[in-house]
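Everything on this sheet refers to the single structure shown next.
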Amino acid sequence: MTNPLYDALVAPLAARNTPVLTDAAGRTLSGTELHDMALALATALTGLGLQPGDRMAVQIDKSPRALALYLAALASGVVFLPLNTAYTADEVEYFVSNAGAALLVGSPTRADSLRAVATRHGARFETMDAAGDGSLTDLAGKAPAGFVPVDRGPEDLAAILYTSGTTGRSKGAMLSQRNLLSNAEVLVEEWRFTDTDVLLHMLPIFHTHGLFVATNVVLLSGGSMIFLPGFKAEQAIDWLPKATTMMGVPTFYTRLLDDPRFTGDLVGHMRLFTSGSAPLLAETHVQFEERTGHRILERYGMTETNMNTSNPYDGDRRAGTVGLPLPGVELKITDPVTGATLPQGEPGMIEVRGANVFKGYWQMPEKTKEELRDDGFFITGDIGVVDADGYVSIVGRQKDLIITGGYNVYPKEIELILDEQPGVLESAVVGVPHPDFGEAVVGVLVAQPGQTIDVDVVRAAMGQSLAKFKQPKHIAVVQELPRNTMGKVQKNLLRKDLSALFA
Ligand code: ATP
Ligand code: MG
């Protein structure tokens, strides 16, 4: 019997009587307990009639048992399909229907609407709550021990993970056992994870960052996690003394820096802080080092590929860059129109190839053909540039490119200048429809706490530093930028709000 991911992540837990998870109340779960919990759930899934390859959509609160459900899917060959807990029942319906899910597991507080969704699409419905209790847990409780993990090969699907939907409708990325395992192996090595590591885990587990990057790496290395429901700065400060590593999105780090109790002494013992899912401002990187002496390690990845690049563990971690391609990942910068490889130093489309790259979008052959080349390179949709030392910087997404009066404008260039203006905390630049120019550049600013922004001063500074066509035709000041749970700025919402500006 082989089942590569199960063998690597789950089987070793069986004989481990030391803690693998610690919850917010300080209760620990040993490796054996997590293993047995996963196998009991696998028995329950099989008892419900699920076969290897069937899809299980899961929209439940983060808990140790929710993680065990992922491991149960690996054991039973059921394809895991986690969903953002913020999605409404209508949104969940799209995923259940698109994936042809055989089972939907949801929160008991929303059982009525979710059961209706499941029933409409011929799926079963079971529940699990934030404490890990519910109808599925009850079934697992009655299950006989001794589940035998099913046979799986490296090309079999382990998960269909839907993209965040930042640039359009979420797409289901088909991830094989090989995709996930190869990336976890590389990250354990690159980031030096061992069985003595304790990861402070405050990310959601419906997204690649918290689910695959964080938990696969910890399970593969034999380490453990402080497994908290979400991010709160006070809670992070309480738990950091017990951790050796932390993985976060940039907002975790800016919020920690906002708290005076977050000091160098508090984290002097820490081994590693990583950041990803959204751009980390160079300023945050610098402030973090000034406060703590630690240089945050920024990396870059996405649902379809897991991780592609990382700043080095030993060596220069460069602020504002996402580091170097990981071992086994080929990365090239191409002309977005012709696909031809561009000379080093020129910005263009980031394309990647490697064992980490997904098998295509679930039931979207056209979309797959557009983005995944026959030779295996995946067209990421991100525009980047590689410097002479091989470090990659993300310039922005191709879909955020603004075309104004026939000129291309990359928002990042303007945002970097806006961020430096007096009183500005952060900014977002978007293109909105304009009768003369096609699109017009618009800057959206957030003020530093307690400060006001003088828009005329900002406008004058733009006139100094930027060509006329790049200068924002309108500058708006808002309380905060719309962000999703992963800290990504929702530019589509900004564009929608501002769409009538020049109408
Ligand atoms: P969709 O594909 O549905 O529009 P999405 O691309 O936001 O949504 P994810 O797969 O969650 O969905 O996010 C991957 C994207 O996040 C990358 O393509 C990139 O744009 C961005 N990203 C990830 N890490 C970084 C980073 N370190 N710096 C800048 N951007 C990053
Ligand atoms: Mg994407």
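The values are calculated or read from the model by the stated rules, or taken from the named source; none is laboratory data. Just so you know, these numbers come straight off a predicted model, no measurement behind them. As a convention, Cβ positions derive from the backbone with ideal geometry for all residues, glycine included, and neighbour counts pool all protein chains shown. Heads up: the accessible areas ignore ligands, DNA and RNA and are worked out on the full protein's heavy atoms, side chains in. Shrake-Rupley method; radii C 1.70, N 1.55, O 1.52, S 1.80 Å.
Condition test on GLY301, is it free of Cβ contacts under 8 Å to residues at least 12 places away in the same chain and assigned by TED's automatic domain parsing to the domain that holds THR244? No, not satisfied.
Can you confirm whether THR22 is outside the structural domain of GLN235 (by TED's automatic domain parsing), over 28 Å from TYR87 (Cβ atoms) and among the β-branched types (Val, Ile, Thr)?
Yes: the conditions hold for THR22.
Checking the stated criteria, GLY320 turns out not to satisfy the condition of being near ligand 1 (Cβ under 9 Å from one of its atoms) and either open to solvent by 10 Å² or more (accessible area, probe 1.4 Å) or among the aliphatic types (A, V, I, L, M) (or both).
When VAL218 is tested against (1) more than 20 Å from ALA38 (Cβ to Cβ); (2) of a type in the set (A, V, I, L, M); (3) more than 15 Å from the chain's Cα centre (by Cα), just one condition goes unmet, and that condition is (1). Against the condition buried (at least 18 other Cβ atoms within 10 Å of the Cβ), at positive phi and touching a helix residue (DSSP H, G or I) at 6+ places or on another chain (Cβ under 7 Å), how does GLY487 come out, does it pass? In short, yes. As an exercise: evaluate LEU281 against (1) more than 22 Å from GLU190 (Cα to Cα); (2) out of contact with any strand residue (DSSP E or B) (no Cβ under 9 Å at 6 or more places or on another chain); (3) open to solvent by 60 Å² or more (accessible area, probe 1.4 Å) and give the number of the one condition it does not meet. The single condition LEU281 does not satisfy is (2).
Taking each residue of segment 153-168 that is closer than 20 Å to VAL58 by Cα and looking for partners that are at pLDDT 95 or above and open to solvent by 30 Å² or more (accessible area, probe 1.4 Å) with beta-carbon atoms closer than 6 Å, six or more apart or interchain, yields LEU157/MET174; ILE160/MET174; ILE160/TRP362.
Considering segment 144-190, the residues that are under 18 Å from the mean Cα position of the chain (by Cα) and basic (Lys, Arg) include one that is nearest to ligand 2 (Cβ to nearest atom), namely LYS171. Scanning segment 463-484 for residues that are out of contact with any helix residue (DSSP H, G or I) (no Cβ under 7 Å at 6 or more places or on another chain) and in a helix (DSSP H, G or I) gives GLY463, GLN464, LYS468, PHE469.
Here is a yes/no grid of residues against (1) open to solvent by 20 Å² or more (accessible area, probe 1.4 Å); (2) under 30 Å from LEU157 (Cβ atoms); (3) at pLDDT below 95:
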{"position": "MET349", "(1), (2), (3)": "no, yes, no"}
{"position": "ASN356", "(1), (2), (3)": "no, yes, no"}
{"position": "LYS359", "(1), (2), (3)": "yes, yes, no"}
{"position": "PHE377", "(1), (2), (3)": "no, yes, no"}
{"position": "LEU401", "(1), (2), (3)": "yes, no, yes"}
{"position": "GLY406", "(1), (2), (3)": "yes, no, yes"}
{"position": "GLU413", "(1), (2), (3)": "yes, no, yes"}
{"position": "LEU416", "(1), (2), (3)": "yes, no, yes"}
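Yes or no: PRO449 assigned by TED's automatic domain parsing to the domain that holds ARG483, at pLDDT below 95 and within 33 Å of the chain's Cα centre (by Cα)? It is true that PRO449 is assigned by TED's automatic domain parsing to the domain that holds ARG483, at pLDDT below 95 and within 33 Å of the chain's Cα centre (by Cα). Cβ-Cβ distances below 7 Å connect the following pairs, each with a first residue in segment 369-383 that is within 11 Å of ligand 1 (Cβ to nearest atom), a second residue that is of a type in the set (Gly, Ala, Ser), and a separation of six or more residues or different chains: ILE383/GLY348; ILE383/GLY396.
Which one is surrounded by the fewest Cβ atoms within 10 Å (Cβ to Cβ), of the residues in segment 434-456 that are in contact with a Leu (Cβ under 7 Å, 6 or more places away or on another chain) and free of Cβ contacts under 8 Å to residues at least 40 places away in the same chain?
So the first thing to find is which residues in segment 434-456 are in contact with a Leu (Cβ under 7 Å, 6 or more places away or on another chain), and the list is 442-448, 453.
Keeping just the survivors that are free of Cβ contacts under 8 Å to residues at least 40 places away in the same chain gives 443, 445-448, 453.
Values: GLY443: 26, LEU445: 24, VAL446: 18, ALA447: 16, GLN448: 12, ILE453: 20.
Only one residue tops the list, namely GLN448.
If the condition is being under 23 Å from the mean Cα position of the chain (by Cα), more than 18 Å from LEU41 (Cβ to Cβ), among the hydrophobic types (A, V, I, L, M, F, W, C) and open to solvent by less than 60 Å² (accessible area, probe 1.4 Å), then segment 81-120 contributes ALA89, VAL92, PHE95, VAL96, ALA99.
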